Amino acid sequence: TGPGYAAGRAAERGAEAIGIDFAPEMLELARRLHPDVEFREGDVTALDFEDESFDVVLANFLMPHLTDLPAAVREFARLTRPCGRVALTTWDAPKRTRFVGAMIEAVGAAGATMPDELPPGPSIFQYSPDRDFVKLLLGAGLEEPIIEQVAFSHHVDDLDEFWGDVLGGTVRTMTMVTSQPPEMQAEIRRRYDALLDAYRTEDGWDIPCSVKLGSAQKPA
């Protein structure tokens with residue numbers, strides 16, 4: 001559930017929502033932001049709920065953080081009632097999600113060597129192709145998958161502050177950059193700024209972003 005945004009919006013629309021996260025710090029933040037919503041600590045691949053407990057199971061940007069996403073989606077399908085839906089979001093391709101794509105391009109253009117301590121895991125863009133997203137949902141026993149693209153511009157006032165946010169987005173991104181020597185980190189940052197310069201405006205930066213939203217139904 002992270003900060004609880006999706007659970008909070010669901011509750012506002014009349015749902016009886018329960019948010020799950022394995023990080024106590026995130027749960028503390030979610031409870032502070034959404035005091036009327038129930039939040040619990042849990043592992044998304046082994047959730048402490050009976051089969052068919054929910055009408056809807058959704059995960060907002062959980063996908064880029066898991067190494068075994070198929071196991072999590074199978075668990076979501078287990079918890080969903082017949083004719084209920086599972087919905088997930090992830091980032092679209094790097095060319096359409098520029099704040100992440102530019103980071104990967106900057107690291108490569110700077111000639112950085114990937115560190116030995118880089119945590120193992122798939123690309124955060126692993127399921128951005130529609131066919132792969134569909135396969136993920138069907139593989140969990142779901143049916144009638146729908147994949148939608150949600151494109152928008154993200155406005156940034158302060159690129160220094162935003163840089164810190166991007167680094168902290170995933171463990172792999174932070175390790176990939178901060179494990180480099182200081183001069184290499186500076187070169188990566190210089191190239192990142194140059195790539196985003198195309199999106200500079202009079203009052204900051206308007207950076208193109210795109211999200212893939214995939215959903216599917218539990219068979220009756």
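Quick notes
Here is a yes/no grid of residues against (1) over 30 Å from residue 81 (Cβ atoms); (2) surrounded by fewer than 18 Cβ atoms within 10 Å (Cβ to Cβ):
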| site | (1), (2) |
| --- | --- |
| 177 | yes, no |
| 182 | yes, yes |
| 186 | yes, yes |
| 190 | yes, yes |
| 200 | yes, yes |
| 212 | no, no |
| 220 | no, yes |
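Conditions (1) aliphatic (A, V, I, L, M); (2) modelled with pLDDT under 95, marked per residue:
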{"residue": "157", "(1), (2)": "no, no"}
{"residue": "170", "(1), (2)": "no, yes"}
{"residue": "174", "(1), (2)": "yes, yes"}
{"residue": "183", "(1), (2)": "no, no"}
{"residue": "193", "(1), (2)": "no, no"}
{"residue": "200", "(1), (2)": "no, no"}
{"residue": "205", "(1), (2)": "no, no"}
{"residue": "209", "(1), (2)": "no, no"}
{"residue": "214", "(1), (2)": "no, no"}
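- Scope segment 83-94; condition in contact with a Phe, Trp or Tyr (Cβ under 6 Å, 6 or more places away or on another chain) and crowded, with 22+ Cβ neighbours inside 10 Å; matching residues: 86, 90
Okay, residues lined up against (1) polar (S, T, N, Q); (2) open to solvent by less than 70 Å² (accessible area, probe 1.4 Å); (3) over 17 Å from residue 166 (Cβ atoms):
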| site | (1), (2), (3) |
| --- | --- |
| 56 | no, no, yes |
| 67 | yes, no, yes |
| 81 | no, no, yes |
| 96 | no, no, no |
| 103 | no, yes, no |
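- The residue list 104, 147 contains one member that is farther than 22 Å from residue 18 by Cα and modelled with pLDDT of 95 or more, which is 147.
- For segment 30-54, filtering for residues that are without any contact (Cβ under 8 Å) to a residue 12 or more places away in the chain and touching a Ser or Thr at 6+ places or on another chain (Cβ under 6 Å) leaves 0.
- Filtered residues of segment 75-89 (kept if part of a helix (DSSP H, G or I) and more than 13 Å from residue 215 (Cα to Cα)): 75, 78, 79
- Residue list for segment 11-45, restricted to those being surrounded by 15 or more Cβ atoms within 10 Å (Cβ to Cβ), over 18 Å from the mean Cα position of the chain (by Cα) and aliphatic (A, V, I, L, M): 11, 17, 18, 37
- Residue satisfying condition, being exposed (fewer than 12 other Cβ atoms within 10 Å of the Cβ), within 17 Å of the chain's Cα centre (by Cα) and of a type outside the set (A, V, I, L, M, F, W, C), within set 157, 165, 116: 165
- One residue alone among 81, 13 is among the basic types (Lys, Arg) and touching an Asp or Glu at 6+ places or on another chain (Cβ under 7 Å), and that residue is 81.
- Hey, residue 116 in a helix (DSSP H, G or I) and of a type in the set (Asp, Glu) or not: no
The values are calculated or read from the model by the stated rules, or taken from the named source; none is laboratory data. Being a predicted model, the structure only gives us computed values, none of them experimental. Cβ coordinates were reconstructed from backbone atoms using ideal geometry, including for glycine residues, and neighbour counts include every protein chain displayed. Only protein heavy atoms, including side chains, enter the accessible area calculation; ligands, DNA and RNA are left aside. Shrake-Rupley method; radii C 1.70, N 1.55, O 1.52, S 1.80 Å.
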